[in-house]
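Novice: So that we are looking at the same thing, I have put the structure below in structure tokens.
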Amino acid sequence: TGNWKGDWSAVHWIFESADDLISAHPRTGAFVFVGLAALSAILAFFSSAILLPVAIYAWGDRTTFGLLWLGWFLGGVTSYAIGKYLGRDVVQWIVPKARLELYERRLAAEATFGRVLLFHLLVPSEMPGYVLGLLNYPFRRYLAILAIAEIPFAVGAIYLGSSFVEGNLPLFILLGAAAVALSIFTTRWFVRHGGV
């Protein structure tokens, strides 16, 4: 069937346990979730996606959206600061050197607001901050782009997490597959065509 709620009692036990824990320590829970979301925006191999269903179950869609957006925003600011102040030697330990140099070349010639926004929307989320920090892109402009660019990703993540919490297996699979396919397609498109 299209609903797994009755079959996944263990999953719901985890949700309820996490909800009890978050209810007992609301500030700590929110702080940890924002911190992990920020970490996922800094490191490619770490994802906060596994935490989303628990967060949505505990806080609901709107609060989780706000916390997720805040975490990703802070992660973007951190990656920018690493690129700008710690430099290439540190960044190359975090992201592949060849990909980093490719993105730098794409943006060095033309870094208009629209082009940088498109760049942020098309490439993996941990990349723009590092690249723009290395390029010494204007910080205030970067903040505006970061704030806008994280919105559609946060909305998509909330829909995906909600479909899991609601037990809507077909929608969960469809949204997950679409997110992966879109990420692969947009990254390859940007690499081949150099953005707009």
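Novice: Is it the case that E104 is of a type in the set (D, E, K, R) and in a loop (DSSP other than H, G, I, E, B)?
Specialist: no
Novice: Are any of the residues in region 53-60 part of a helix (DSSP H, G or I) and surrounded by fewer than 19 Cβ atoms within 10 Å (Cβ to Cβ)?
Specialist: No, region 53-60 contains no residue that is part of a helix (DSSP H, G or I) and surrounded by fewer than 19 Cβ atoms within 10 Å (Cβ to Cβ).
Novice: Right, something else. State yes or no: is L21 surrounded by 15 or more Cβ atoms within 10 Å (Cβ to Cβ) and either part of a helix (DSSP H, G or I) or modelled with pLDDT of 85 or more (or both)?
Specialist: Here the answer is no, as L21 does not meet what is asked.
Novice: Pull up region 61-106, narrow it to residues that are of a type in the set (K, R) and buried (at least 18 other Cβ atoms within 10 Å of the Cβ), then point me to the one that is modelled with the highest pLDDT.
Specialist: By that ranking, first place goes to K84.
Novice: Considering only residues that are closer than 16 Å to A38 by Cβ and open to solvent by 40 Å² or more (accessible area, probe 1.4 Å), look in region 125-162 and name the one that is modelled with the lowest pLDDT.
Specialist: The qualifying residue modelled with the lowest pLDDT is S125.
Novice: V196 versus (1) open to solvent by 60 Å² or more (accessible area, probe 1.4 Å); (2) modelled with pLDDT of 80 or more; (3) not in a helix (DSSP H, G or I): which is the lone unmet condition?
Specialist: (2)
Novice: Just to be sure I understand the filter: pairs with C-beta atoms under 8 Å, separated by 6 or more residues or on different chains, first member in region 124-140 and assigned to a helix (DSSP H, G or I), second member of a type in the set (A, V, I, L, M) and open to solvent by 50 Å² or more (accessible area, probe 1.4 Å). Which pairs pass?
Specialist: Listed by first residue and then by second, the contacts come to Y130/I94.
The values are calculated or read from the model by the stated rules, or taken from the named source; none is laboratory data. What you see is a predicted model; the values in this text were computed from it and never measured. Note that each Cβ is placed from the backbone with ideal geometry, even for glycine, and that neighbours are counted across all protein chains shown. We work out accessible area using only protein heavy atoms, side chains counted, and drop any ligands, DNA or RNA first. Shrake-Rupley method; radii C 1.70, N 1.55, O 1.52, S 1.80 Å.
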